[in-house]
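In what follows, a structure is listed as structure tokens, so that the remarks can point back to it.
What follows draws every value from the coordinates through simple rules; no lab data is involved. Please read all numbers here as calculations on a predicted model, not as lab measurements. Ideal geometry is used to build each Cβ from the backbone, glycine not excepted, and the neighbour counts take in all protein chains shown.
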Amino acid sequence: MLQKSQLIEKTDFYINGGWQAVPGRERIAVINPANEEPYAVISAGTADDIDRAVVAARAAFDTWSLTSRAERLAALERIAAIYAARMEEMAQAISREMGAPIRLARDAQAQVGLSHLNAFIDAFKAHEFETVPNERYPNQRVVHEPIGVCGLITPWNWPMNQISLKVLPAIAVGCTVVLKPSEIAPMSAMLFAEFVHEAGIPAGVFNLVNGEGTVVGEALSNHPDIDMMSFTGSTRAGIAVSRAAAATVKRVSLELGGKSPNIVFADSDLSAAIQRGVAQCFENSGQSCNSPTRMLIERHVYDEAIAYARAAAASISVGDPALDGDHIGPVVSALQYSKIQGLIEKGVEEGARLIAGGPGRPEGFDRGYFVRPTIFADVDSDMAIAREEIFGPVLALIPFDTEEEAIRIANDTPYGLSGYIQTGDPARAGRVARRIRAGMIQINGTSRAPGTPFGGYKQSGNGREGGKWGLEDFLEVKLVSG
């Protein structure tokens with residue numbers, strides 16, 4: 001284990017344009033999930049730290065909100081250039097803090113932050129901040145204005161994805177921000193703050209305070225000088241943010257959990273559909289809110305599909321995230337590992353048929369938060385593994401007989417983030433897509449393009465992130481007559 005002197009110390013907060021020491025604060029260890037050892041330490045912020053950051057952001061808003069589009073566009077482009085130049089640093093930070101295999105960290109985890117940034121630059125260039133909605137009334141103008149000071153809370157599972165989706169559109173439209181990244185995986189956020197500083201963003205526009213959600217997250221959410229909260233994380237925590245924000249009637253944008261259905265019809269390319277569905281479920285060790293964790297399979301190809309799923313699971317290896325390869329890594333923490341193990345055991349207890357994986361670590365691992373890629377067949381929609389967001393490499397297979405039944409099962413969830421459809425019939429694909437109560441539908445493996453809206457229905461949240469929708473989230477609408 002690293003000695004105290006060997007720990008990477010990132011104990012300052014970024015407030016009002018510089019790194020500020022916060023002596024006397026409690027420390028939080030950052031754990032490498034591959035070996036369960038601490039490798040860094042951050043400070044646990046307090047309500048006072050949030051207050052200082054909000055004061056800085058409020059003071060900066062008066063000038064930043066009045067800067068020209070050209071000035072803010074240039075700021076985004078400077079951040080993008082720095083991000084691209086330091087991409088490998090970002091990939092290494094993400095891999096170490098949350099266990100993403102280094103290839104995934106480079107090709108997806110780090111890269112997606114820059115992809116979103118470039119998409120926001122395109123959307124920002126095209127956005128009309130002032131329009132005349134009806135030519136018959138040329139003296140009626142609708143103006144989009146920055147909402148103000150924004151509190152941003154981001155998760156550990158796709159750290160730069162979410163930081164980019166919140167920080168960049170907010171500052172692009174003229175808002176100022178206070179970011180609270182996950183205390184579990186904060187190192188990528190600290191590196192991003194370096195990018196912002198190097199880009200010369202004015203003091204107070206971007207601020208970062210680390211700490212526990214119950215302390216600094218609460219202080220952000222109920223702060224009277226925060227105009228908007230944008231939160232990504234669990235539905236339970238999202239409800240807490242909404243309650244805290246309600247007292248000051250601030251806008252709240254939430255991107256929460258999911259239990260996404262993947263409907264596989266018999267007329268699809270069955271082998272490809274199953275293999276793709278298993279890989280998508282297990283990507284990032286199953287730690288994606290839009291992961292297709294419920295695979296609904298038409299009954300008369302169900303047994304064949306099970307065989308394909310078992311083979312697909314067998315082809316997925318688990319390995320050290322520091323090593324190159326297409327393996328999956330550990331889950332992020334001891335708490336997540338324990339939760340996942342409990343739900344796997346619950347699936348066995350409730351009578352689901354285990355066809356791959358199961359409880360415990362994979363063979364060859366005696367430490368680290370590694371989980372066996374696990375598939376259950378014969379799952380009923382009332383089982384815990386069909387209803388709860390497991391957030392690990394665990395897939396539930398559920399048979400159905402008719403299109404109508406598939407739609408009913410797909411929608412039998414409190415969540416509504418994503419849906420996936422596999423079929424050779426384009427008319428069916430369109431018909432079913434419109435009936436699934438979810439914010440995003442992907443058909444036959446088609447991916448989501450950068451700059452498209454990300455978000456869900458029901459307890460998966462509200463608002464949309466990405467592209468022009470992400471910009472609009474941080475804007476107020478004002479009518480000017482005259």
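Go through 394, 59, 300 and say which Cα lies farthest out towards the positive end of the charge dipole of the chain; charges sit on Cβ, +1 for Lys and Arg, -1 for Asp and Glu. Positive-most Cα among the choices belongs to 59. Of the beta bridges in segment 261-451, as assigned by DSSP with both residues counted there, near 15 percent are antiparallel. Legend: Rg and Dmax of segment 349-480, from Cα coordinates, 18.6, 67 Å. Across segment 67-134, C-alpha contacts under 8 Å between residues 6 or more apart give a mean separation that, scaled by the residue count, equals a relative contact order of 34 percent. Here the extension length gained between residue 299 and residue 279 equals 5.0 nm, from 0.36 nm per residue of separation less the Cα-Cα distance. Stick to the Cα atoms of segment 261-451, pair each with every other, and give me the Kirkwood hydrodynamic radius in Å at one decimal. After inverting the pairwise mean of 1/r, the radius is 16.7 Å.
The 3J(HN,Hα) values that the Karplus relation (6.51, -1.76, 1.60; θ = phi - 60°) gives for segment 272-280 are, in residue order, 5, 5, 5, 4, 5, x, 5, 4, 5 Hz. Gly and Pro appear as x.
The relative contact order of segment 261-451 comes to 27 percent, based on Cα pairs under 8 Å that sit 6 or more residues apart. Ellipsoid semi-axes for segment 221-334, based on the Cα gyration tensor and the rule √(5λ), read 38, 20, 9 Å when sorted largest first. By DSSP, the beta bridges lying fully in the chain are antiparallel in about 40 percent of cases. Within segment 282-316, none of the chymotrypsin sites (Phe, Trp or Tyr not before Pro) combine a DSSP coil assignment with at most 16 other C-beta atoms in a 10 angstrom radius.
What percent does the relative contact order of the chain come to when contacts are Cα pairs within less than 8 Å and at least six residues apart? Value for the chain: 19 percent. Under the convention that each Lys and Arg Cβ holds +1 and each Asp and Glu Cβ holds -1, the size of the dipole of the chain around its Cα centre is about 680 debye. When Rg and the Kirkwood radius Rh are both evaluated on Cα atoms of the chain, their ratio Rg/Rh stands at 0.98.
Derived scalar couplings between HN and Hα for segment 12-22 equal 8, 10, 9, 9, 6, x, x, 7, 10, 5, 10 Hz in order, rounded to whole Hz, by the Karplus curve 6.51 cos²θ - 1.76 cosθ + 1.60 (θ = phi - 60°), x for Gly and Pro. Rounded to the nearest whole Hz, the Karplus-based 3J(HN,Hα) values (6.51 cos²θ - 1.76 cosθ + 1.60, θ = phi - 60°) of segment 246-254 follow the sequence 5, 4, 10, 6, 8, 5, 10, 10, 10, with x at glycine and proline. Considered as an equivalent ellipsoid built on the Cα gyration tensor, segment 158-289 has semi-axes of 33, 19, 13 Å, the largest given first. What shape does segment 47-96 take by its C-alpha gyration tensor, where a ≥ b ≥ c are the square roots of the eigenvalues and a/c under 1.5 counts as rounded, a/b above b/c as prolate, and the rest as oblate? Oblate is the answer for segment 47-96, as a/c is 1.5 or above yet b/c matches or exceeds a/b.
For residue 8, the residues whose modelled amide H falls within less than 5 Å of its own, excluding neighbours fewer than 5 places apart on the same chain, are 40, 41. Rounded to the nearest 500, the helix-only mean residue ellipticity at 222 nm of the chain stands at -11500 deg cm²/dmol, with each DSSP H run of n ≥ 4 adding -39,500 (n - 2.57).
I'd like the distance separating the alpha-carbon centroids of segment 229-285 and segment 383-437, in whole Å. Centre-to-centre (Cα) distance: 13 Å.
A Förster radius of 56 Å, combined with the Cβ-Cβ distance separating residue 62 from residue 266, puts the computed FRET efficiency at roughly 0.35. Placing one equal scatterer on every Cα of segment 75-129 and applying the Debye formula, the log10 ratio I(q)/I(0) at q = 0.12, 0.22, 0.29 Å⁻¹ is -0.32, -0.77, -1.06. Using a/c under 1.5 as the rounded threshold, could you call segment 6-102 rounded, prolate or oblate? The axes a ≥ b ≥ c are square roots of the C-alpha gyration tensor eigenvalues, and prolate needs a/b larger than b/c, oblate otherwise. Oblate, since a/c reaches 1.5 and b/c is not below a/b.
Distance from the alpha carbon centroid of segment 462-482 to that of segment 113-188 works out to 9 angstrom. A viscosity of 1.002 mPa s and a temperature of 20 °C, combined with the Kirkwood radius over Cα pairs in Stokes-Einstein, give a translational diffusion coefficient for segment 86-193 of 139 µm²/s. Here's the picture: charge each Lys and Arg Cβ at +1 and each Asp and Glu Cβ at -1 in the chain, and of 252, 416, 216 the one pushed furthest to the positive end of that dipole is 252.
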